[in-house]
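Single-structure report; data block below.
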Amino acid sequence: MASFLQIPDDEKGYDLNLFCVPKHYEEDLERVIIPHGIIMDRTERLARDIVQDMGGHHIVALCVLKGGYKFFADLLDYIKALNQNSDKSVPLTVDFIRLKSYCNDQSTNSVKVIGGDEFSTLTGKNVLIVEDIVETGRTMQTLLSLLNGYNPKMVKVVSLLVKRTPKSLGYRPDYIGFEVPDEFLVGYALDYNEYFRDLSHICILNENGREKYKV
């Protein structure tokens with residue numbers, strides 16, 4: 001069972017005025033639930049765990065766009081630092097895929113895969129899928145099923161967030177940053193209709209924000 005930092009359902013979070021939040025989002029957010037510094041510290045520990053487990057193997061790090069790009073970049077920076085400063089190192093190459101399963105704040109039942117034409121290059125490789133958030137688990141199960149058809153040697157999944165939701169199918173990643181309440185979260189590249197990716201902290205979206213940026 002993957003270790004993680006659990007944020008309880010009754011977590012009060014932090015007032016927005018305690019942190020630097022872009023002025024154009026101030027009226028759209030309820031509170032900060034995970035400050036940027038805590039995200040970075042947890043990401044550094046995840047990098048250490050991954051190098052400990054997978055050190056010595058060539059890894060293809062597969063970034064799930066768009067929401068995963070910030071976590072992916074920071075995680076790889078920490079792995080790179082460990083490669084330079086410890087006895088164990090992980091040779092890394094990178095690849096990117098985009099999955100789409102959301103409209104506004106609702107998860108759709110279909111998962112659209114964009115950019116999966118080159119999965120044949122993953123045959124026989126050790127693959128680390130880097131995801132921003134796992135909610136129902138349907139999206140990740142679809143991707144894993146697709147990948148397994150190309151016979152990779154090993155597939156591990158790291159997700160910054162796992163949401164506690166009654167809609168979950170029970171899927172759990174191999175590495176988890178935070179387990180979070182069933183709220184709609186934005187920031188640190190997690191979006192709502194492409195907005196809020198430019199927010200450093202992970203915050204809870206309020207009703208005003210949902211209405212303002214609805215499509």
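Are any of the residues in the stretch 135-142 assigned to a helix (DSSP H, G or I), out of contact with any Cys (no Cβ under 8 Å at 6 or more places or on another chain), at pLDDT 90 or above and not basic (Lys, Arg)? Steps first, please.
Taking the stretch 135-142 and keeping what is assigned to a helix (DSSP H, G or I), we get 138-142.
Subset that is out of contact with any Cys (no Cβ under 8 Å at 6 or more places or on another chain): 138-142.
Applying the additional criterion that residues be at pLDDT 90 or above yields 140-141.
Of the ones still in play, those that are also not basic (Lys, Arg) are 140-141.
Checking the stretch 135-142: at least one residue is assigned to a helix (DSSP H, G or I), out of contact with any Cys (no Cβ under 8 Å at 6 or more places or on another chain), at pLDDT 90 or above and not basic (Lys, Arg).
Is it the case that the stretch 56-72 has a residue that's of a type in the set (D, E, K, R), surrounded by fewer than 17 Cβ atoms within 10 Å (Cβ to Cβ) and more than 13 Å from residue 160 (Cβ to Cβ)? Among the residues of the stretch 56-72, not one is of a type in the set (D, E, K, R), surrounded by fewer than 17 Cβ atoms within 10 Å (Cβ to Cβ) and more than 13 Å from residue 160 (Cβ to Cβ), which makes the answer no. Comparison of 21, 32 shows that the only residue that is closer than 13 Å to residue 201 by Cβ and in contact with a strand residue (DSSP E or B) (Cβ under 6 Å, 6 or more places away or on another chain) is 32.
Would you point out which residue out of 193, 208 is within 21 Å of residue 19 (Cα to Cα), open to solvent by 20 Å² or more (accessible area, probe 1.4 Å) and of a type in the set (S, T, N, Q)? Reasoning before the result, please.
On the way: 193 fails: within 21 Å of residue 19 (Cα to Cα).
Exactly one residue qualifies, and that residue is 208.
When the stretch 168-190 is filtered for residues that are among the small types (Gly, Ala, Ser), crowded, with 19+ Cβ neighbours inside 10 Å and at pLDDT below 95, only 189 remains. Contact map, the stretch 20-33: residues that are closer than 13 Å to residue 208 by Cα paired with residues that are in a strand (DSSP E or B) and open to solvent by 100 Å² or more (accessible area, probe 1.4 Å), Cβ distance under 9 Å, separation 6+ or inter-chain. Pairs shown: 25/195; 28/195.
Looking at residue 148, is it open to solvent by 20 Å² or more (accessible area, probe 1.4 Å), touching a strand residue (DSSP E or B) at 6+ places or on another chain (Cβ under 8 Å) and not aliphatic (A, V, I, L, M)? So residue 148 passes the test.
The values are calculated or read from the model by the stated rules, or taken from the named source; none is laboratory data. Bear in mind the structure is a predicted one, so any value in this text is a computation, not a measurement. Note: ideal-geometry Cβ built from the backbone for every residue, glycine included; neighbour counts use all protein chains shown. What goes into the accessible areas is simple: the full protein's heavy atoms, side chains included, and nothing from ligands, DNA or RNA. Shrake-Rupley method; radii C 1.70, N 1.55, O 1.52, S 1.80 Å.
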